[in-house]
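Derivation of every value follows stated rules applied to the coordinates shown; laboratory data play no part. Fair warning: this is a prediction, and the values are worked out from it, not measured in the lab. Here Cβ is always computed from backbone atoms with ideal geometry, including for glycine, and neighbour counts include all displayed protein chains.
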Amino acid sequence: MRAEFARLEQSLARVPMGCLAVERHAGEDGPTPFPSGLRAQVDGRGAVGVYQPLPGVQVCLWRFAASRVDFAPAASGSVLAVTHCRLGRVVWDPEENAPGELDAGEVALGHLGKGGIALRFPLDAFQGVSMLLSPEALERSCPPFPGLDGGVLEHLPPDHGAATLPGDPDAACIFDPLYRAPPAHLSPLCALKAQELLLWLARQGPSLASPIPYPAQQERVIREIHRLLTTHLDRRFTIQELSRRYLINTTTLKQRFKAAYGLPIAAYMKRYRVRRAAQLLLEPDVRIADVASQVGYGTQGKFTQAFQDVLGQSPSQYRRQRLARPGPPPEDPSVGPSPSF
């Protein structure tokens, strides 16, 4: 898995930080979900290949080495987004029509709203495919499927629906070939896969009909806990202390934090502390012992072990290497990952 993440990051090495590289391919004429282009703010790097194999259908092949992306409003009319996750994890901000969260192999469905779209990548990486369907355009151009009562469109989720579906062999057969196909084959392949997707959605039936509720109060509590933990790195809060302070069950606290940020609290904070320490180590006059204290380690030995676990080298090795050969600044832990509510 680490090798796949490394290959994904390497494939985006030429993309400037903070940018989403968009490669559009010729396709069918007709309405598109993103008529004015994809405008986005990326905390990291991203790339997308955009195909329009059928009128009212766009296929987006995503690659991100980032913790979040915020898309500007671009949807035209009602658009159903069907997203498959191959690598990493993607989560949506808590909006009414948002699917919530998506793990590798799963498929999420949700309608694009009139506002922008905010996506978070708790593992700092994501590779996936989105098929964007415009029901209005498909009503005029959708190919007939004999034997399917009421047509395909009758089986799509309503405008208020959102769902996350577990991976299954049929879904894998639709999406997996898109990740492996040579570039020259992608345009015709997208046309075939879009039709397969419509049939697959029709077979899902009632499971797509209802929105998923999200406990808003728990979301706010988890955000507050995250803010407390990351603001006071020099302190160590126990689960029991946080539970009493925020009036939340310890099991619920652990489950919701991991769901929101992708890791258990201890693992997340270890990674966060080391990333913050990596920034502080770029100041040559600051002692390593002082850096360890600032990020919550009582002894330099424990700090060195944690640093080695996360970044694969000791703090002193990291400092010597970075000061001798300056490169991009280490990732700012304060900007990600963001919660997956």
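For the stretch 216-335, the relative contact order works out to 24 percent when only alpha carbon pairs closer than 8 Å and six or more residues apart are counted. Database remark: amide H of residue 86 closer than 5 angstrom to the amide H of 105, 127, 128, 129 (H placed geometrically; neighbours at sequence offset of 5 or more, or on other chains; Pro and chain starts carry no H). The Cα atoms of the stretch 216-335 cover 48, 27, 21 Å along the three principal axes, with the biggest extent listed first.
Across the stretch 238-248, rounded Karplus estimates of 3J(HN,Hα) from the backbone phi angles (6.51 cos²θ - 1.76 cosθ + 1.60, θ = phi - 60°) give 7, 4, 5, 5, 5, 4, 5, 5, 10, 6, 9 Hz, Gly and Pro being marked x.
Taking a Cβ cut-off of under 14 Å around residue 13, the surrounding Lys, Arg, Asp and Glu residues balance to a net charge of +3, with basic ones at +1 and acidic ones at -1.
Near residue 131, once Lys and Arg are set to +1 and Asp and Glu to -1 for all other residues with Cβ below 13 Å from its Cβ, the sum equals 0. The packing ranking of peptides 119-131, 313-325, highest mean first, is 119-131, 313-325, where packing means the average number of other beta carbon atoms within 10 angstrom of each residue. Loop-resident trypsin sites (Lys or Arg not before Pro) (DSSP state other than H, G, I, E or B) in the stretch 211-280 with no more than 10 further Cβ atoms inside 10 Å of their Cβ: 235.
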